[in-house]
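The values are calculated or read from the model by the stated rules, or taken from the named source; none is laboratory data. Treat the numbers as computed from the prediction; the structure is a model and nothing was measured. Positions of Cβ are generated from backbone atoms using ideal geometry, with glycine treated the same way; all protein chains shown enter the neighbour counts. When the accessible area is computed, the model is the full protein with side chains, heavy atoms only, and any ligands, DNA or RNA have been set aside. Shrake-Rupley method; radii C 1.70, N 1.55, O 1.52, S 1.80 Å.
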Amino acid sequence: MINIKLTIEYDGTEYYGWQRQKKLLSIQKTLEEKISQITNEDIKITGSGRTDAGVHAIGQVANFKMVSTVPFEKLPFILNNILPIDIRIKKSEKVNSDFHARHSSISKIYHYYIFNSSKSECYPSLHLRKYVYCLKEKIDLIEMKKASRLLLGKHDFHSFSCSGSSFNNSIRTIKKINLRKNGNIICFQIEATAFLYKMVRRIAGTLLEVGKGSMKYHEVKNILENKDRKKAGKVLPAKGLFLMQVKY
């Protein structure tokens with residue numbers, strides 16, 4: 001039996017998230033069915049994390065074990081011919097038997113994309129609208145950056161999570177955080193050891209409140225310390241969120 005590591009990209013628009021669900025379309029279930037089809041085994045695949053419904057991935061990582069003699073290096077070619085067009089295998093590697101896509105990871109990088117234009121006649125391309133959150137209000141990127149830096153390091157991020165999380169411990173470490181603007185596109189970039197349920201989207205929503213002037217940048221520290229979700233910003237839509245990379 002060999003342990004296979006896959007690097008996967010997908011458009012999450014039509015899926016109810018990564019995790020397998022009985023009657024709903026998921027990335028995990030789709031992959032398991034197709035891999036089982038070519039290996040003639042009952043394959044169970046483990047992802048690095050559970051992306052929510054509508055969230056996309058450029059560098060999701062998963063692993064599974066098989067006894068099949070199908071060459072592991074040919075799996076991307078074989079699978080990409082039978083997978084739906086919105087899921088693609090970028091890379092297949094043979095790894096040590098103790099490698100675990102979730103437990104072995106040391107950090108994850110997410111990007112959240114916002115299309116921002118105060119001009120009423122300016123809209124994102126039809127091909128872009130599924131992948132960005134649109135905002136017409138003018139925002140102050142400098143204030144947002146000042147607020148974001150208050151979140152760096154190890155903290156209890158209960159305020160930036162949502163009910164329904166499977167984790168009892170809400171302490172996480174944000175290693176890097178940045179905001180960049182290119183034309184009308186703002187990219188919020190964040191790297192952390194792990195994330196809570198909807199944490200990235202709630203942080204992005206809170207920073208936008210700062211950018212719009214509805215909240216002072218230093219209030220973010222109070223929200224963090226008081227562990228009060230009601231004071232944080234709203235959870236932004238899933239369509240703007242991308243899992244970019246998982247580090248090991």
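Listed here are the residues, each with its yes/no results for (1) in contact with a Leu (Cβ under 6 Å, 6 or more places away or on another chain); (2) touching a residue at least 60 places away in the same chain (Cβ under 8 Å); (3) open to solvent by 40 Å² or more (accessible area, probe 1.4 Å).
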{"position": "Leu79", "(1), (2), (3)": "no, no, no"}
{"position": "Ser92", "(1), (2), (3)": "yes, yes, no"}
{"position": "Ala101", "(1), (2), (3)": "no, yes, no"}
{"position": "Ser105", "(1), (2), (3)": "no, yes, no"}
{"position": "Lys108", "(1), (2), (3)": "no, yes, no"}
{"position": "Lys146", "(1), (2), (3)": "no, yes, yes"}
{"position": "Leu151", "(1), (2), (3)": "no, yes, no"}
{"position": "Asp156", "(1), (2), (3)": "no, yes, yes"}
(message) Exactly one of these conditions fails for Gly205: (1) surrounded by 21 or more Cβ atoms within 10 Å (Cβ to Cβ); (2) within 16 Å of Tyr112 (Cα to Cα); (3) not hydroxyl-bearing (Ser, Thr, Tyr). Give me its number.
(response) (1)
(message) I'd like to know if region 163-171 contains one or more residues that are touching a Phe, Trp or Tyr at 6+ places or on another chain (Cβ under 7 Å) and under 21 Å from Ser105 (Cβ atoms).
(response) yes
(request) Could you list, in sequence order, all residues of region 211-239 that are open to solvent by less than 80 Å² (accessible area, probe 1.4 Å), assigned to a helix (DSSP H, G or I) and under 21 Å from Ile142 (Cβ atoms)? (result) Gly211, Lys212, Glu219, Val220, Asn222, Ile223, Leu224
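Inside region 40-84, can you point out the residues that are assigned to a strand (DSSP E or B) and out of contact with any Gly (no Cβ under 6 Å at 6 or more places or on another chain)? Quick ask: steps written out before the conclusion?
At the first step, the residues of region 40-84 found to be assigned to a strand (DSSP E or B) are 46-47, 56-66.
Within region 40-84, Thr46, Gly47, Ala57, Ile58, Gly59, Gln60, Val61, Asn63, Phe64, Lys65, Met66 qualify.
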(request) Can you tell me which residue within region 65-77, out of those that are of a type outside the set (Phe, Trp, Tyr) and over 22 Å from Trp18 (Cα atoms), is surrounded by the fewest Cβ atoms within 10 Å (Cβ to Cβ)? (result) Thr69
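Could you check, for region 112-119, whether at least one of its residues is without any contact (Cβ under 8 Å) to a residue 40 or more places away in the chain, of a type outside the set (S, T, N, Q) and either buried (at least 18 other Cβ atoms within 10 Å of the Cβ) or under 28 Å from Asp11 (Cα atoms) (or both)?
Filtering region 112-119 down to residues without any contact (Cβ under 8 Å) to a residue 40 or more places away in the chain leaves 118-119.
Filter again for of a type outside the set (S, T, N, Q), leaving 119.
Among the residues that remain, those that are also either buried (at least 18 other Cβ atoms within 10 Å of the Cβ) or under 28 Å from Asp11 (Cα atoms) (or both) are: none.
For region 112-119, residues without any contact (Cβ under 8 Å) to a residue 40 or more places away in the chain, of a type outside the set (S, T, N, Q) and either buried (at least 18 other Cβ atoms within 10 Å of the Cβ) or under 28 Å from Asp11 (Cα atoms) (or both): absent.
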(message) For region 163-176, check the following and say yes or no: at least one residue is under 30 Å from Ser125 (Cβ atoms), at pLDDT 95 or above and open to solvent by less than 10 Å² (accessible area, probe 1.4 Å).
(response) no
(message) Suppose we keep only residues that are under 12 Å from the mean Cα position of the chain (by Cα) and among the hydroxyl-bearing types (Ser, Thr, Tyr) within region 1-57. Which one would you say is surrounded by the most Cβ atoms within 10 Å (Cβ to Cβ)?
(response) Ser48
